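> Can you keep this structure in mind? I'll have questions shortly.
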Amino acid sequence: MKLLKIENNLGYFLGVDHVFNPVDRITKEDLLRLVDLTLTQEVELDEYDGEAIKNQAHQILYKSICGKLLGLKVRKQAFTDESERLYLQEYEKYQKEPSQQDAEADRP
């Protein structure tokens, strides 16, 4: 799934309605959705090319968003592993059967 593209000298992002919108109209919710898609699916991005984007505002926004999403895409597995380790202890605690939790609570 393509999240960012360069077309007609402007930068675009994939909107919630699966239509590409200009990057200067991106919202915080759009950014969070793009991050979530990057972490959960295989995504594509047109890499930043300052010569292909003529609008200066689009250059700045596209470069920043593209850089962050590419970095996240590269670190996806490390990010997932780190998140799983962070919550592993709590997850294991809640996976124990109630009788085991009661027995541990009764110990002095």
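Bear in mind that the values in this text are calculations on the coordinates, not laboratory data. Everything numeric here is computed off the predicted structure, so don't read it as measured data. Heads up, the Cβs are rebuilt from the backbone with ideal geometry, glycines too, and the neighbour counts pull from every protein chain shown.
> Hey, can you tell me all the residues within the range 1-29 that are touching a residue at least 40 places away in the same chain (Cβ under 8 Å) and more than 23 Å from Val74 (Cα to Cα)?
Asn9, Leu10
> While we're looking at this one, here's another question. Going through the range 38-93 one residue at a time, which ones are outside any helix (DSSP H, G or I) and hydrophobic (A, V, I, L, M, F, W, C)?
Val43, Leu45, Ala52, Ile53, listed by residue number.
> When only residues in the range 17-49 that are touching a helix residue (DSSP H, G or I) at 6+ places or on another chain (Cβ under 6 Å) and not aliphatic (A, V, I, L, M) count, which is nearest to Ile6 (Cα to Cα)?
Tyr48
> Which of the residues that make up the range 30-57 are free of Cβ contacts under 8 Å to residues at least 12 places away in the same chain and under 14 Å from the mean Cα position of the chain (by Cα)?
Matches in the range 30-57: Leu32, Asp36, Thr40.
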